[in-house]
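Worksheet: the structure to be examined is printed underneath.
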Amino acid sequence: MVAKKPEQVAKALGLRPDFVWGVSTSAFQVEGAVKEDGRGPSIWDTRCRLKGGIGDGSNADIACDHYHRWPEDLALMGQIGVGAYRFSLAWPRLLPKGRGAINQPGLDFYDRLIDGVLEAGIEPWVCLYHWDLPQGLDDLGGWTNRDCAGWFADYAVLAAKRYGDRVKNWATFNEFSVFTMFGYAIDWAAPGVTDRSAHMKAIHHVNLAHGAGVDVLRDHVPGANIGAIHNRQIVRPEGGLEENKAAAELLDAHWNLVFADPQHLGHYPAIVQGAMEAHIKGGDLARICRPTDWIGLNHYGPIYARRDPATTWGYGWGSPPESANHPEVGWPIFPEVFKDELLELTRRYKMPIYVTENGCGGGLGSDTPDAAGEVKDTHRIAYFREYTQAMRAAVAEGADLRGYFVWALLDNFEWGSGYGPRFGLLHVDFDTQKRTLKNSGKWYRGLIRGEHRGE
């Protein structure tokens, strides 16, 4: 059978001829080698060593050993047939203390990785920050210190000058609201602070860092294609109850709006303006609202909020309706909400969109190789089938979608959950580091090749 050209596949799926199919990872979750070649500690290395910091008591010291095994992983990407690889740089690998002395072996590692990606015929998409703040900067206040925006800009200059000759697709941050909310309002992530003022400071200073990073990339990378990655999930009151509606409204602002609105519309949502005013200086919003080329969407499903006066902001995570549980996946899936988010992003911000993460966690037993060595993750295939159909429906209704990246290439270290949930297209045996292409990876390969249309 003659292989279909990418533009032919895209046309058959109702997508743009230059549509990008990719996979995503992040440095801390896959690299390992946390104490090798001069890398400094991050806030997540610190959290991994706190009693109760990680659900299963594990750490990311080895993770997927991508630091040493990236050539094998690139070869497996080639088997899947993706056109792009989104990964992050580890700030503490380049600047062990976050600022000051540069770590040459760390710079050299990403040279090798980027060159290898390009040699494999895959497009590198680099994210500057995926949650691994150098511990040395957190010791100085981290994102609650306004100076952190400048430290980030200096780091961005180093990365842009070093890699900008080969990397043209850049994201400043991944999932702003997750690491600020769970790091500074709800103790689910590093650095584990729970304080309203700290949360608001972190939001504003990260926004300033984003704006500074955009300017750095624009100045130092000719032809740069610059964006930022936002998680967006519609927030619903648990049970549809009136008593949970105020909690849902505030959580929606903190989760979906406090970054994208100032970055693209030039203002914070009204519901948080009062809490934010003490931290805003003259000209800040102009520094934050810088011209970018695309917006990234990480999406999994809706969030349910409930009133909880015991929490920092008075909201807590609620439960979805039992009827929403998908029998194969084991968690609620709402492909129609994915479609709605793509349309809402297009309407609200009028920006080209890349889905930079979408995927399905495992843990039902079907993410383990059987006696024949096959990983029959039918739950993940069902998820991808429904969500890519919803994605195409959104495009048909006007969503300006340019690409789709699966989370994740590999089973990896899933932050506070450790190694329990598995999201990869590749199964990883964490004892032997053996990789096995799951059936979902084969399904994704078929989608990219045009062997089926996602039905």
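Each reported figure results from applying straightforward, stated rules to the coordinates on display, with no laboratory input. Computed from a predicted model, the values in this text were never measured in an experiment. So basically every Cβ, Gly included, is an ideal-geometry build from the backbone, and we count neighbours across all protein chains shown.
So which trypsin sites (Lys or Arg not before Pro) in the stretch 396-442 end up in coil per DSSP with only 16 or fewer other C-beta atoms within 10 Å? The qualifying sites are LYS434. In the chain, Cα pairs under 8 Å separated by at least six residues give a relative contact order of 18 percent. Around the Cα centre of the stretch 19-438, unit charges on the Cβ atoms of Lys, Arg, Asp and Glu (plus for the first two, minus for the last two) sum to a dipole of about 780 debye.
Highest average first, the peptides 124-134, 287-297 ordered by how many other beta carbon atoms sit within 10 Å of their residues are 124-134, 287-297. Loop-located GluC sites (Glu not before Pro) across the stretch 384-424 with a Cβ neighbour count of 16 or fewer within 10 Å are GLU397, with loop assigned by DSSP.
Of interest is the spacing of the C-alpha centroids, which for the stretch 249-294 and the stretch 135-169 amounts to 20 Å. For the stretch 19-438, taking Cα atoms only, Rg and Dmax work out to 20.2, 64 Å respectively. Packing here is the average count of other Cβ atoms within 10 Å per residue, and on that basis the peptides 84-91, 15-22, highest first, run 84-91, 15-22. For LYS97, the aspartates and glutamates whose Cα falls under 15 Å of its own Cα, not counting residues fewer than eight places away in the same chain, are GLU36, ASP37, ASP45, ASP132, ASP138, ASP139, ASP147, ASP154.
Calculate the length of the line joining the C-alpha centroid of the stretch 340-410 to that of the stretch 427-443, in whole Å. Their Cα centres are 18 Å away from one another. Along the charge dipole of the stretch 19-438, Cβ charges K/R +1 and D/E -1, which of ALA372, ALA90, GLY53 sits furthest on the positive end? So the residue we want is ALA90.
Packing-wise, with mean Cβ within 10 Å as the measure, how do 27-35, 310-318 rank, highest first?
In descending order of packing, they fall as 27-35, 310-318.
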